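The next block holds one structure in the form of structure tokens; read it before the comments.
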Amino acid sequence: MSRVMLCLSRFKSKHPGILFSIIGLLGFGGVAGADETPIRDAHHCAERAKEAVETMTRNIITARRAIATPLILENVCSPLIWPGAEMDEPTFITQVLHHSGCGLLLDVTNIHANSTNHGTSPANFIEKLPLERVVQVHFSGAHESKGRLIDSRTQAVPESIWQLLDHAVSRAPVRCICLERDDNLPPLPEILWEVERARAIGRHHKRWN
């Protein structure tokens, strides 16, 4: 937490309008991990899942007390699902948001990738979340690698993700939609076309004018 608090103090001096963090595992037992590991999967029995909710909530509250900036939390990709897990990811996310008082940053590409890789319904996942807490929606393209869909942010957005974005925006009081593209950048008109399509989805569902 000391490094987190140092980062927060630096952000605070910049007066950001909002901060976000992932609901993911960055390390365990002194071993560094990737942000693509859900905390809920690292604590897969009922007692440990509850402990994970309590630990994360405590850390979030500590961080929120250090700054006056709203904090929202983002769902991540799940590379695996532990057999016998007592708490599914939507339930874990709901518990963390409820106890911490944070809003939700809904990443529909992560949901699409998880659903494709694990054979679940992305729409059902979204419906299990506390949609009234959604503040932002992020989306991007993805690519397949070794039989798995990866949220790489390097490809054009496929129609399946556009459809999921439309569903999410229709169900949640979204204030902002963010297109993510980190590499393999296309000509600017192609990116602007995707941005305008996202804006049109928001207008269609009366999220903005």
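Length available on full extension from Ala66 to Thr116: 0.36 nm per residue minus the Cα-Cα distance, which gives 14.1 nm. Histogrammed with a bin width of 10 Å, the alpha carbon distances of the stretch 64-187 distribute as 12, 43, 33, 11, 1 percent, first bin at zero.
Per-residue extension of 0.36 nm, minus the Cα-Cα distance of Leu19 and Arg199, leaves a gain of 62.6 nm for this segment. Summary of the geometry: the stretch 91-118 and the stretch 192-209, compared by the centres of their Cα atoms, lie 22 Å apart. Compute the FRET efficiency between His167 and Leu6 as 1/(1 + (r/R0)^6), taking r as their Cβ-Cβ distance and R0 = 41 Å, and round to the nearest 0.05. After rounding, the FRET efficiency stands at 0.55.
A short reminder: the numbers here are calculations on the coordinates, not readings from a lab. Quick caveat, the model's predicted, so the values are computed rather than measured. Please note: Cβ atoms are built from the backbone with ideal geometry, for glycine as well, and neighbour counts cover all protein chains shown.
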